[in-house]
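As structure tokens, the structure follows; a few thoughts come after it.
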Amino acid sequence: SIWSMVVVPTTGYLYVGTYGRGVTYTADHGETWPGNWLDFVCALTADKQGNVYAGLSDGMIQKYSGPGSSWEVIQPEFLNASVWGLVVDENNYLYAGTNGAGVLRKSLSGTDWEEINTGFDHLDIIPQQRKQRGWKDGLLAVKPNCSIQSYMIPIYALIKAGYPIEKMILSTLQA
């Protein structure tokens, strides 16, 4: 199943990260899909120079400089954490969202990771989502497990925190 996608601005290539079938890309709008690297890819992002970064379920982060290059390990693994989200900001900082170590960042030119979890509340993301997407209300909630019933606890927490739910669209990939 497809877990992440990113378009590299410098090339226009679309990279697709899958859970179990690796990373592939298309340079011709989906006519061909060369490559099949890595395995359990949870997150993809790209920087201004066209490098692609992949976050893996085993906590590893790898960098790819494009066709003809090899994937380079830039983070061997985070202790007991999968990398579920990656983003590069305009100041060339790479952020990694994990399921065991919180949110970490490092300069693309540096080697050390910094935890940035102080004062972080999961509900703080809701106003940011709305602002970024131009929404008056609503939110996106994503989780790696396909089970619908496990949504009930976070839904209840959202209601208790003052986010009433009038309408919900729920999708699962569960077989």
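Picking from residues in the range 92-101 that are of a type outside the set (A, V, I, L, M, F, W, C) and in a strand (DSSP E or B), the one that is most open to solvent (accessible area, probe 1.4 Å) is Y93. Within the range 20-34, restricting attention to residues that are closer than 20 Å to I74 by Cα and without any contact (Cβ under 8 Å) to a residue 40 or more places away in the chain, the residue that is least open to solvent (accessible area, probe 1.4 Å) is G22. Taking residues in the range 162-175 that are in a loop (DSSP other than H, G, I, E, B), and partners anywhere that are at pLDDT below 75 and among the polar types (S, T, N, Q), the pairs with Cβ atoms closer than 8 Å and at least 6 places apart or on different chains are T172/S147; Q174/S147. Scanning the range 35-83 for residues that are basic (K, R) and surrounded by 13 or more Cβ atoms within 10 Å (Cβ to Cβ) returns a single hit, K63.
Of all residues in the range 1-11, those being at pLDDT 90 or above, under 19 Å from the mean Cα position of the chain (by Cα) and either under 12 Å from G66 (Cα atoms) or open to solvent by 80 Å² or more (accessible area, probe 1.4 Å) (or both) number 3.
The values are calculated or read from the model by the stated rules, or taken from the named source; none is laboratory data. Note that the structure is a prediction, hence the values are computed from the model and not measured. Virtual Cβ from ideal backbone geometry, glycine too; neighbours counted across all protein chains shown. Only protein heavy atoms, including side chains, enter the accessible area calculation; ligands, DNA and RNA are left aside. Shrake-Rupley method; radii C 1.70, N 1.55, O 1.52, S 1.80 Å.
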